[in-house]
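Take a look at the structure set out below.
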Amino acid sequence: MSDTAPGDTLRQLAVDKETAPAAGPMGFCLLFNPKNLAEQTFRAFKEGCAVVNKKWSLGFLVAVAVAMFSCAVYAQAATYSVVRNFNPNSGGDIPYGGLVMDHGGNLYGANSAGGTGNWGTIFELSTNGKGGWNYSEIYDCGKMNDCSVPVGSLVMDQAGDLYGVTYFGNVFELMPSGSGVWTARVIHTFGGGSDGSAPSPLIVDAAGNLYGVNATGGQDNLGYVFELESSIGGWSVVHLHDFMGSDGAGTTNTAGGQVAGLVWDSAGNLYGTTGLGGSSSKCQGGCGLIFELKNQSGTWTESVLHNFSEGDGANPDAALTIDSAGNLYGTTTSGGTKGLGVVFKLSESSGKWSSKVLHNFTGTHLDGAYPNTTLIVDAAGNLYGATESGGADLQSCQVMNDFGCGTAFELSPNGTQWKMTILHAFTGRKDGGFPGGVLRDSSGNLYGAAQAGGANAGGVLFKIVP
């Protein structure tokens, strides 16, 4: 590994210091070459500047610039509150990915920076019985370098062990003890070549086996679906399907740096998306697709359920969600009427699958843009999710070709149509920016982590009451 701590790299600014002026025409300041984004952000806000440029040179975010032009107040459609301000000097910061909740309602997640050597931390947010939360750093990834720079959401097995992946290709397990001390171990390292090096977030079956997608590796180096099989002798990787292009091709998440994971149905079939590949020629390398993997007596067979063709979305970056009727829901990071992504539904009837666009993101009038996180669905069929950009009526945070620090949204069925409600438009300031998805508890409250903003400019954990 490099001697440079990734937290420093994560915080470097995407501004060409030879061409960027010290102050922009609107009176905001441009920052460049900071060694610590939190310090530079605080200094900028203190001096009245309103630009924070963030480049995830490790592959997380690309060309992301935060530029707040106004302090306008927006009447939110829901109650939003910050549960935790992440701190690079205490407990870790820059939370990457979503949260996972245990049976007791405690939340777990990963910070991609902070801790020893700035290699990241794993945290728990536990209920205190008084309507509040207690934050705990349960593991410092820099002490043993076993989970250095954790990325994506964690997954919990039936025993309460946590599993996750790192930017460097490690798959790790975190195990709690009766005394509350967590220990970690690396169960597999994807070493490149046919093994690949960019695993997705994982899912786990009842036997404790792990499943995911690798963006690289496989027979044609286009990625593959894998199982990490647990046995007495350790863990072994099984290739369930190697992509060949026409049936899918892996690519790292456009806005977040990680390939989409998988979802189960009640019969044990796997469903997923690929950001490239497929039959469409409207996108370079293909517009991506949705696939199914069926297990028949230990043999997995892939079927392409839908090929995206840009107008109906392109380059899906997030795992799918499945409802009780077996319908699949998801997002694409690009494509649609404005090229800013869509929410879609995939339904099966008599063995045939059909796709319908439920919402085209516009990035304006508080609408979102570039959705790249997994949706959740409630019992009434309402969908909840987050976008990496958009909400630009409040502020301007540049992500690729759109502006806005991201949104949290609800999409509700309304007859034959779907109604979009923006639950919160992030400003990139105290409320955070660039949300990494949402999780819903049994009371209908939503929780999530935002990678930027907050009191310490290290991101926030938030709660939304719709």
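The values are calculated or read from the model by the stated rules, or taken from the named source; none is laboratory data. The model shown is predicted, which means the values in this text are computed figures rather than measured ones. Cβ atoms come from the backbone with ideal geometry, glycine included; neighbour counts cover every protein chain shown. Areas reflect the complete protein model, heavy atoms only, side chains present, ligands, DNA and RNA absent. Shrake-Rupley method; radii C 1.70, N 1.55, O 1.52, S 1.80 Å.
Worth a mention:
- Checking each residue in the range 145-160 for being buried (at least 16 other Cβ atoms within 10 Å of the Cβ) and either touching a Leu at 6+ places or on another chain (Cβ under 6 Å) or free of Cβ contacts under 8 Å to residues at least 60 places away in the same chain (or both) picks out D146, C147, P150, L154, V155, M156, D157.
- Within the range 441-466, being closer than 16 Å to V151 by Cα and assigned to a loop (DSSP other than H, G, I, E, B) holds for G458, G459.
- Complete set of residues in the range 286-299 that are open to solvent by 10 Å² or more (accessible area, probe 1.4 Å), farther than 13 Å from F243 by Cα and touching a strand residue (DSSP E or B) at 6+ places or on another chain (Cβ under 7 Å): K294
- Matching entry among Y163, Y135 (being in a strand (DSSP E or B), within 26 Å of G217 (Cα to Cα), open to solvent by less than 60 Å² (accessible area, probe 1.4 Å) and touching a residue at least 40 places away in the same chain (Cβ under 8 Å)): Y163
- Of all positions in the range 119-130, at least one carries a residue that is hydroxyl-bearing (S, T, Y), over 21 Å from the mean Cα position of the chain (by Cα) and open to solvent by 60 Å² or more (accessible area, probe 1.4 Å).
- Candidate set from the range 350-362 (those that are among the small types (G, A, S) and at pLDDT 95 or above); member that is surrounded by the fewest Cβ atoms within 10 Å (Cβ to Cβ): S354
- The listed residues are A325, A267, A319, and the only one of them that is surrounded by 17 or more Cβ atoms within 10 Å (Cβ to Cβ) and part of a loop (DSSP other than H, G, I, E, B) turns out to be A319.
- Members of the range 223-266 that are of a type in the set (S, T, N, Q), more than 20 Å from the chain's Cα centre (by Cα), over 17 Å from T189 (Cβ atoms) and at pLDDT below 95: S231, S266
- Just one of (1) modelled with pLDDT of 90 or more; (2) in a strand (DSSP E or B); (3) open to solvent by 10 Å² or more (accessible area, probe 1.4 Å) fails for N372. It is (2).
- Looking across the range 256-292, just one residue is in contact with a Pro (Cβ under 7 Å, 6 or more places away or on another chain) and hydroxyl-bearing (S, T, Y), and that is T273.
- Among the numbered conditions (1) surrounded by fewer than 22 Cβ atoms within 10 Å (Cβ to Cβ); (2) on the phi < 0 side of the Ramachandran plot; (3) modelled with pLDDT of 95 or more; (4) not in a strand (DSSP E or B), the only one that V186 does not meet is (4).
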